[in-house]
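The values are calculated or read from the model by the stated rules, or taken from the named source; none is laboratory data. Bear in mind the structure is a predicted one, so any value in this text is a computation, not a measurement. In this analysis, Cβ positions are derived from the backbone assuming ideal geometry, glycine residues included, and neighbour counts consider all displayed protein chains. Heavy atoms of the whole protein, side chains included, go into the accessibility calculation; ligands, DNA and RNA do not. Shrake-Rupley method; radii C 1.70, N 1.55, O 1.52, S 1.80 Å.
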Amino acid sequence: MDFSEISYLLFDHDGVLVETEYWYFKATQRGFAELGIDLPLEGYRQHLVDGRSNWDIPRGQGVLEEDIIAARGNRDRYYQHYLKTEDINIEGVEDALATLTRRFHMAIITTSKRQDFELIHESRNIVPHFDFVLCSGDYPRAKPAPDPYLTALSQYGADRSQALVIEDSERGLRSAVAAEVSCITVYNEFTAHQDLSAATGHIPDLTALVDLLVR
């Protein structure tokens, strides 16, 4: 692909800029354990692809909705604890962003909750490299619908041909494809099993994105 016309880089967040996806799984797994239900990693990862809510599992087993709501609330608290205590940095991200921001307009397009996003970035120097951030609730429908990336293009007043999406998951890739925006996927072990064949290209990390677009 010729990247010479690209002016806008639209970044996914979890798994691309910070390593949070495993910890969201662990928090969800703890919430399930409180309901007496095991949530294996492979089943969780499959639901990331098929879009099924993990919480349909306890519903299908007759767990009361009020108990599910309580477990989800605890999951959110466990996740925020992990965000504050675990190493979720991805090596090379800030250096790559510092280079890319000198040449491109950049935005973060994530399905993360705003409160989780802000917690993640309380002490990181990632957000200053971006023009804006779209979180869950900032667009009508979540990925894999095209809405998140179409909303970003609209906010920029940009054409699809001027933008490039950077994703790590099949759902994110499907969102970019549905929005008719070219997408490059960055390797992440947590989503490596997913079908990313529709991507324009694949890179091992964001340092490789700098090599591809700048050097």
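Just a few scattered comments:
- Cα convex hull volume per residue for the stretch 124-215 (Å³): 119
- Applying a DSSP loop filter and a limit of 14 other Cβ atoms within 10 Å to the trypsin sites (Lys or Arg not before Pro) in the stretch 55-117 leaves ARG102, ARG103.
- Gain on full stretching of the segment that runs from GLU34 to GLU5 - 0.36 nm per residue minus C-alpha separation: 5.3 nm
- Surface exposure of the chain, expressed per residue as accessible area with a 1.4 Å probe, stands at 48 Å².
- Building the convex hull from the alpha-carbon atoms of the chain and averaging its projection over directions returns 11.5 nm².
- The chain, relative contact order in percent, only Cα pairs under 8 angstrom and at least six apart counted: 26
- The calculated FRET efficiency for the pair ALA145 and ASP56, based on their C-beta separation and a Förster distance of 25 Å, comes to about 0.80.
- The residues neighbouring ARG77, those whose beta-carbon lies less than 14 Å from its own, together hold a net charge of +3 under the Lys/Arg +1, Asp/Glu -1 convention.
- The fraction of accessible area contributed by carbon and sulfur in the chain is 45 percent, rounded to a whole number (1.4 Å probe; ligands and nucleic acids excluded).
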